[in-house]
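Notes follow the structure.
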Amino acid sequence: MFRKMWKQKVMMVIGLFLCSLLLGAYGGNLQLAEGSQTVEQENVEFQEHGDKKGILVISFGTSYADTRKVTIEACEEKIAASFPDYEVRRAFTSSIIIKKLKERDNIQIDTPEEALNKMKDEGFTKVIVQPLHIIPGLEYEEVLAVVNNFRGSFKELTVGRPVLYGIEDYKQAVEALKQQLPALDKDHAVVLMGHGTTHPANACYSCLQSVLNDEESNVLVGVVEGYPGIDNVIAKLKRNNIKEVTLMPYMLVAGDHAINDMAGDEEDSWKSILEREGFKVNIYLHGLGENNSYQEIYVQRVQDCIDGNPLGIEEE
Ligand code: CO
């Protein structure tokens, strides 16, 4: 019985000690009478301070390390430097490229779904998904579909828009393109090689051409897979009496399409076709991701997400 009382005393002392610790943790300003409100406010503040914010940058990907570094990585780094409160992650949409990088280079890259799952597991609360894609085509829709499966997994989840979306975006893209255009004279044209798609967003390339034509410009848009093809472009070049052509990829990276389909020595590359047609051909083998102004476009897309205007809708 004596032992039991001793034990009770010890428990009481420990209990009081713990209570004082808890009260001490709130500091001197906690008044128990209005405690509930104070604690609630502190919780809200804690949640905001405790937000784990991330930006998932998604691109098709490329297996060419050189261009990956100066395009995709450069864009990711620019975004990371512009938003230091956010942790920047990477995902590729192409499973073929992911597989190739893993098998050949032992580089592990996440799919958008894997990346979002990791961010969910690691307790991210605010996530911005920014695609580096050019048009709102099949891959962009795929990204939207994946993101939809994560609604409710984060406090905030926003997807930025690709380069060509609203009409102001086209004007911005044309301005940004000027940074990489050579000096053009009457018989020298630039031919952009876009990717092209079976998706209705293929019309983006014709809209880009239209916005380019709003100013006097010798820049023509063609695509590898879709309309307008190189034949349509050649017809226009001839109508405009063009003698010299500079070929440029209108793609994020100067990867397989740019190196082979555009600039390759195979007889069906655009370079070979144009040379056979009698044009002098110059090659500009740099992806849009290398262009500072395009990097800046992606930064602005992210900023629009933060500002609650991911689609960049202009106020009337
Ligand atoms: Co392709």
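The values are calculated or read from the model by the stated rules, or taken from the named source; none is laboratory data. What you see is a predicted model, and the numbers here were worked out from it, not measured in a lab. Quick reminder, even Gly has a Cβ in these numbers, built from the backbone with ideal geometry, and neighbours come from all protein chains shown.
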Hits in region 224-256 (condition: crowded, with 17+ Cβ neighbours inside 10 Å, within 16 Å of the ligand (Cβ to nearest atom) and either among the polar types (S, T, N, Q) or under 20 Å from R276 (Cβ atoms) (or both)):
V224, I230
Check on K102, within 18 Å of K155 (Cβ to Cβ), assigned by TED's automatic domain parsing to the domain that holds V299 and out of contact with any helix residue (DSSP H, G or I) (no Cβ under 8 Å at 6 or more places or on another chain)
no
Report, ordered by the first and then the second residue, all pairs with beta carbons closer than 8 Å, sequence separation of six or more or different chains, a first member in region 170-185 that is on the phi > 0 side of the Ramachandran plot, and a second member that is β-branched (V, I, T) and outside any loop (DSSP other than H, G, I, E, B).
none
Mind listing whichever residues of region 74-93 are out of contact with any strand residue (DSSP E or B) (no Cβ under 9 Å at 6 or more places or on another chain) and part of a loop (DSSP other than H, G, I, E, B)?
P84
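Can you tell me how many residues in region 80-95 are touching a Ser or Thr at 6+ places or on another chain (Cβ under 9 Å) and among the small types (G, A, S)?
The qualifying residues number 3.
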For region 265-297, give me each residue that is over 12 Å from V163 (Cβ atoms) and polar (S, T, N, Q).
S269, S272, N282, N292
Only residues that are buried (at least 19 other Cβ atoms within 10 Å of the Cβ) and either within 16 Å of the ligand (Cβ to nearest atom) or in contact (Cβ under 8 Å) with a residue 60 or more places away in the chain (or both): list them for region 275-289, please.
G287, L288, G289
Across region 259-316, the tally of residues that are aromatic (F, W, Y) and touching a helix residue (DSSP H, G or I) at 6+ places or on another chain (Cβ under 6 Å) stands at 3
Conditions (1) within 16 Å of the ligand (Cβ to nearest atom); (2) surrounded by fewer than 19 Cβ atoms within 10 Å (Cβ to Cβ) -> Q300 fails only (1)
Selected residue (only one of A145, A201, A183 is within 16 Å of the ligand (Cβ to nearest atom) and aliphatic (A, V, I, L, M)):
A201
Residue set I79, I97, I134, I72; condition among the β-branched types (V, I, T) and without any contact (Cβ under 8 Å) to a residue 40 or more places away in the chain; output residue I97
Where E216 falls short, out of the listed (1) more than 14 Å from the ligand (Cβ to nearest atom); (2) modelled with pLDDT of 95 or more:
(2)
